[in-house]
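The values are calculated or read from the model by the stated rules, or taken from the named source; none is laboratory data. What you see is a predicted model; the values in this text were computed from it and never measured. All Cβ positions, even for glycine, are placed from backbone atoms using ideal geometry, and neighbour counts span all protein chains on display. All accessible areas refer to the heavy atoms of the entire protein, side chains included, with ligands and DNA or RNA removed. Shrake-Rupley method; radii C 1.70, N 1.55, O 1.52, S 1.80 Å.
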Amino acid sequence: MTGDRPLIDWAWIADHLDDIVLRTVQHLWLATVAVVAGFIIAMALALLVRRSRVTYGPITAVAGILYTIPALALFAVLVPITGLSLLTAEIPLTIYTLLILIRSNVAGLDSVPADVLEAAQGMGLSGSQQLRRVELPLAVPLIVAGIRLAAVSTIGLVMILSLIGDEFGGLGLFIKEGIQTFFATKIYVGAVLSVTLAFAVDFLFVRLQRSLTPWIDARRVGA
Amino acid sequence: MTVTATPAGQPATGEPPTDDGSARGGATVEFRHVTKRYDPGQKGPGAVNDLSLTVPAGKICVLVGPSGCGKTTSLKMVNRLIEPTSGEILIDGRNILKEDPVELRRRIGYVIQQIGLFPHQTIGQNVAVVPALLGWDASRRRKRVDELLATVGLEPDRYRDRYPSQLSGGERQRVGVARALAADPPVMLMDEPFGAVDPIVRDRLQNEFLRLQGDLAKTILFVTHDIDEAIKIGDLVAVMRVGGVLAQFGTPEEILASPASDFVARFVGADRGLKRLALFRVRDLELTPAVTARVGDPASEARQRAAADPMPYLLLVDADRRPIGWIAETRIPRDGTLDESLASAMSPLLDRNTTLKDALSMMLDAAVQAGIVVDRAGRVEGIVTVDAITAWARENPGEADSIEAPPA
Ligand SMILES: Nc1ncnc2c1ncn2[C@@H]1O[C@H](COP(=O)(O)OP(=O)(O)O)[C@@H](O)[C@H]1O
Ligand SMILES: [Mg+2]
């Protein structure tokens with residue numbers, strides 16, 4: 001690619017690096033808030049399921065229904081209540097993470113082998129000690145896999161927040177502005193950076209999971 | 001319904017014979033009319049039915065019986081992973097149903113067939129689980145871990161920082177035992193601990209376990225469905241039948257000698273006489289001295305000595321008296337010296353703790369039907385022949401051989 005092509009205006013990019021960085025950081029921030037909030041809710045629900053399995057069906061059913069509501073419809077419902085606020089932006093994003101995160105958290109806790117649990121209980125770990133010292137550490141691979149998925153899809157969803165206002169647009173704002181002003185460079189910047197961000201976050205979580213689960217690599221290396 | 005089968009002359013509480021009351025590290029475990037029904041509404045027999053028995057401190061009691069007879073249920077009621085429907089269980093006279101289950105479990109070692117090591121923790125951390133719960137500081141834990149790994153035959157420096165997935169099944173099982181011993185509990189519960197390893201490893205683990213128990217004298221409740229294992233391991237054996245009924249409780253000798261019912265007789269098997277050999281060890285026999293010669297000894301002199309002995313073989317040993325192999329008498333040269341190439345056959349190596357049953361089966365497979373008994377350093381102490389074992393069995397008939405029908 002060369003700077004001569006009108007499709008990408010490198011000079012504009014050079015002039016607007018500040019803006020680009022700012023919106024990238026904002027994009028990441030908007031996604032992070034939603035995933036963190038979603039994770040906390042999903043973990044609380046997963047722990048409820050751990051206590052009482054019968055709740056799993058109803059919980060996933062509700063999360064599944066919420067997941068199918070279109071974002072625009074949710075905005076339409078929320079704007080009259082919460083206005084054009086951060087809350088209006090974050091609630092749908094959070095809601096969309098729930099189904100994935102509840103399932104992955106429950107699957108993580110379910111993946112703990114029965115014999116390990118029996119040994120833990122038999123040695124005199126209390127219920128909360130079993131959870132903190134055995135179940136959660138062993139659930140990490142599936143929990144982190146869920147967060148990866150939720151993070152990547154949320155980074156994609158943040159793109160549409162520019163619909164409810166310039167304040168919460170993140171990288172999506174570049175695309176909106178690019179379309180409005182027929183300025184292709186902005187569209188490319190928004191698209192390329194959001195995809196890059198998604199890949200980077202994905203990669204980061206793969207690394208995180210590896211560093212949290214050294215025993216899994218140990219098995220691969222063998223003895 | 002009270003069904004408590006007992007060995008002849010024993011009181012109905014199932015009190016077994018004890019030679020000594022006190023023990024180094026154990027506690028008495030007593031079941032009093034313990035019943036467990038998983039389905040409380042159900043009328044028929046439960047999983048465990050009015051079980052009464054006492055395991056004296058420092059003894060191994062094996063619960064044995066067919067699958068589903070309530071062995072695991074009985075065991076898990078002792079650390080309250082399962083709550084009895086009725087009855088009580090006492091450890092050193094204290095009713096455990098009145099204690100906090102979590103506290104109770106920290107004082108009871110627990111070993112299960114699937115082991116249940118924590119995959120995310122190193123071997124060292126796994127062994128230190130209970131000490132950590134009890135609040136031991138890091139240096140005390142570390143010291144204990146190394147001590148225990150060495151005790152179960154795992155070199156601490158090699159194993160301490162590995163993960164369970166990097167160990168073989170037999171090694172993991174040792175770690176499971178080390179972990180259960182970590183806080184020096186007076187009582188150990190073991191549910192088919194050697195059930196998942198192959199027979200050779202199992203045999204070795206059993207022997208090491210018995211050696212360990214010789215030093216530790218824990219009170220151990222040991223579950224197996226294998227009558228041979230029960231006879232080998234148990235100081236006392238509780239034979240159970242489906243419905244959770246105690247069919248007989250007594251020493252292995254008593255159970256082999258006088259099964260209390262047809263069920264026990266069938267469960268023990270028709271080869272009771274052979275099984276009895278598992279209760280005795282090479283040290284119970286008088287060893288036959290072996291005619292040995294060292295590498296480099298003059299052949300003619302060795303030939304003369306071999307000729308003077310009824311055994312048609314000469315045992316060639318190295319400078320430290322460790323066996324190299326047999327030389328058939330006819331193949332000893334007339335002159336020159338003996339060397340290793342003359343040795344044509346070897347026999348199984350036994351030690352004084354090998355059971356007569358194992359010794360016999362090893363010998364029957366060998367080219368020269370004798371076992372070479374060696375000491376800890378591997379030096380020849382003597383030999384055992386098939387004839388010696390059968391002669392011994394004739395001279396020491398157990399009740400099993402003298403009593404035809406089990407007493408009513
Ligand atoms: N958690 C449970 N719920 C209902 N029934 C059970 C449970 N555990 C065991 N049982 C039943 O109780 C009986 C005894 O089981 P168990 O103690 O595991 O026998 P064993 O260890 O001798 O094979 C069996 O009939 C088994 O099906
Ligand atoms: Mg069982």
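Relative to one another, the C-alpha centroids of the stretch B:348-378 and the stretch B:284-344 are positioned 18 Å apart. Listed peptides B:204-212, A:176-184 appear in the order B:204-212, A:176-184 once ranked by packing, highest mean of other Cβ atoms within 10 Å at the front. Looking at the stretch B:283-395, the DSSP beta bridges with both ends there are about 70 percent antiparallel. A protection proxy built from the mean count of other Cβ atoms within 10 Å ranks the segments A:113-125, B:307-319, most packed first, as A:113-125, B:307-319.
Rounded, prolate or oblate, given the Cα gyration tensor of chain A, with a/c below 1.5 counting as rounded? Since a/c reaches 1.5 but b/c is at least a/b, the shape of chain A is classed as oblate.
Rolling a 1.4 angstrom probe over the protein assembly as shown with all protein chains present gives an accessible area of which 57% lies on carbon and sulfur atoms.
Holding the Cα-Cα limit at 19 Å, pick out from B:Lys232/B:Lys275; B:Lys36/B:Lys98; B:Lys36/B:Lys76; B:Lys59/B:Lys232; B:Lys71/B:Lys98; B:Lys76/B:Lys232 the pairs that are longer than that. Listed pairs above 19 Å: B:Lys71/B:Lys98; B:Lys76/B:Lys232. Any chance you could check the Cα centroid distance between the stretch B:54-122 and the stretch A:98-118 for me, in angstrom? Comparing the Cα centres of the stretch B:54-122 and the stretch A:98-118, I get a distance of 27 Å.
The aspartates and glutamates within cross-link reach of B:Lys357, meaning a Cα-to-Cα straight distance under 14 Å and a gap of 8 or more places when in the same chain, are B:Asp203, B:Asp228, B:Glu229, B:Asp271, B:Asp284, B:Asp365, B:Asp387. In this assembly, the A-B interface accounts for approximately 2000 Å² of buried accessible surface in total, computed with a 1.4 Å probe and without ligands, DNA or RNA.
Relative to the dominant Cα principal axis of chain B, helix B:386-395 is inclined by about 60°. Rounded to the nearest 500, the helix-only mean residue ellipticity at 222 nm of chain A stands at -25500 deg cm²/dmol, with each DSSP H run of n ≥ 4 adding -39,500 (n - 2.57). For the protein assembly as shown, the share of DSSP beta bridges that are antiparallel, to the nearest 5, is 55%. Listed by chain and number, the lysines whose alpha-carbon sits under 20 Å from that of A:Lys176, ignoring those within fewer than 8 places in the same chain, are A:Lys186. If the cut-off is a Cα-Cα distance under 23 Å, which lysines reach B:Lys143, setting aside same-chain residues fewer than 8 apart in sequence? In chain and number order, the partners are B:Lys218. Packing around the peptides A:51-63, B:347-359, taken as the average count of other Cβ atoms within 10 Å per residue, puts them in this order, highest first: B:347-359, A:51-63. In chain B, the longest principal axis of the Cα atoms and the axis of helix B:138-151 are about 50 degrees apart.
Calculated mean residue ellipticity, 222 nm, chain B: -8500 deg cm²/dmol, from DSSP H runs (n ≥ 4) at -39500 (n - 2.57) each, averaged per residue and rounded to 500. Residue by residue along B:104-113, Cβ atoms of other protein chains within 10 Å of the local Cβ number 3 on average. Projecting the Cα positions of A:Ser128, A:Met159, A:Val116 onto the charge dipole of the stretch A:79-176 (unit charges on Cβ atoms of Lys, Arg, Asp and Glu, taken about the Cα centre) puts A:Met159 furthest along the positive direction.
In degrees, nearest 10, range 0 to 90: what is the angle between the Cα axis of helix B:169-181 and the longest Cα principal axis of chain B? Tilt of helix B:169-181: around 50 degrees. Which shape class applies to chain B: rounded if a/c is under 1.5, otherwise prolate when a/b exceeds b/c and oblate if not, where a ≥ b ≥ c are the square roots of the Cα gyration tensor eigenvalues? Judged from the Cα gyration tensor, chain B comes out oblate (a/c at least 1.5, b/c at or above a/b). DSSP finds beta bridges in chain B, and of those with both partners inside it, around 55 percent are antiparallel. Dipole check for the protein assembly as shown: with +1 at the C-beta of Lys and Arg, -1 at the C-beta of Asp and Glu, and the Cα centre as origin, the magnitude is about 1140 Debye. For B:Thr28, what residues show an amide H to amide H distance below 5 Å, using hydrogens built from the backbone and excluding near sequence neighbours? When sequence neighbours closer than 5 places are left aside, the close amide H contacts are B:Ala57, B:Asp92.
Mean per-residue shielding of peptide A:124-130 is 5, counting Cβ atoms of other chains within 10 Å of each Cβ.
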